[in-house]
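Just below is one structure, and these are the notes that go with it.
Coordinate-derived values only; no laboratory data. The model shown is predicted, which means the values in this text are computed figures rather than measured ones. Cβ placement follows ideal geometry from the backbone for every residue including glycine, while neighbour counts extend to all protein chains displayed.
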Amino acid sequence: MAEEIRVAAAGEGSSGGERPSGGDRPSGPDRSDRGERRPPRPGGPGGGREGGRKYFRRKKVCKFCVEKIEAINYKDVRLLAQFVAESGKIVPRRLTGVCTPHQRRLSSAIKQARNIALLPFAGRAS
Amino acid sequence: MNRSYELMFIVRPDMVEEEQDKLISTLETAVTSSGGKVKSVEKMGKRRLAYMVRRFHDGIYLLLTVEGGGGLIHELERRLRVTEPVIKFITVRIDEEQKRLDKIKAIRDARRKTPPAPPAEAGGETAAVTA
């Protein structure tokens with residue numbers, strides 16, 4: 001129990017101090033075996049474990065799976081607006097955590113809503 | 001042909017109530033004359049448009065749910081296109097999506113009925129662990 005807490009604390013400290021991508025990258029282009037044996041990607045969930053650096057990120061979950069929303073309708077502007085950026089763009093899955101099947105439905109619903117002027121194509125609604 | 005469609009269209013914001021009703025009734029007669037059925041008509045009221053359409057910033061949204069074949073939709077869309085106060089419209093087929101939703105709902109209901117047993121066991125287990 002005590003050990004776990006200590007490790008977690010250490011992980012927090014290291015993640016704050018140095019950016020994971022900064023350490024390995026400079027040596028990259030010089031290596032002859034480029035493309036193979038890449039260091040684990042810093043961004044991936046749980047990727048911090050193998051790299052020796054420990055930092056914790058809350059696992060993102062699909063809103064539609066969790067709240068059991070199955071009907072993604074183009075008329076439901078308040079729901080769709082949560083997945084549209086300020087600029088009017090559809091927010092990518094890697095940022096929102098929506099699962100693939102739901103993202104597919106979501107994006108088509110957003111596009112339909114855009115077509116009938118419920119959501120903007122670009123920019124804030126004015 | 002029992003397909004159902006949703007026609008959402010926007011009319012100009014200065015269109016009065018009677019004219020909207022007249023437009024809707026002409027569309028309804030068009031639907032019934034070509035063998036379709038009007039399921040519901042909904043006036044969603046005036047809304048701000050997300051972008052400018054034909055120099056309008058606002059519009060009155062109307063929603064028509066119909067049942068019928070593709071020919072009917074073709075005719076309705078043609079009518080909407082030539083009707084001057086209609087500034088935008090969209091047709092969405094809804095029966096397949098509805099079928100999918102019903103299926104999911106049925107599965108969920110079935111699942112909810114069957115397993116009322118496990119929680120008691122799980123509770124006992126956690127109690128043992130904490131003790």
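Simple rule: put +1 on each Lys or Arg Cβ and -1 on each Asp or Glu Cβ in the stretch B:1-72, find the dipole, and look at B:Gly35, B:Ile24, B:Tyr5; the Cα lying farthest toward the positive end is B:Tyr5. Excluding same-chain neighbours fewer than eight residues apart, the lysines reachable from B:Lys105 by a Cα-Cα span under 25 Å are A:Lys63, A:Lys68, A:Lys75, B:Lys39, B:Lys113. The separation of the stretch B:59-86 from the stretch B:1-19, counted between C-alpha centres, amounts to 7 Å. Sorting the segments A:60-71, B:27-38 by their residues' average number of neighbouring beta-carbon atoms within 10 angstrom, most packed first, yields B:27-38, A:60-71.
Listed by chain and number, the lysines whose alpha-carbon sits under 16 Å from that of A:Lys89, ignoring those within fewer than 8 places in the same chain, are A:Lys111.
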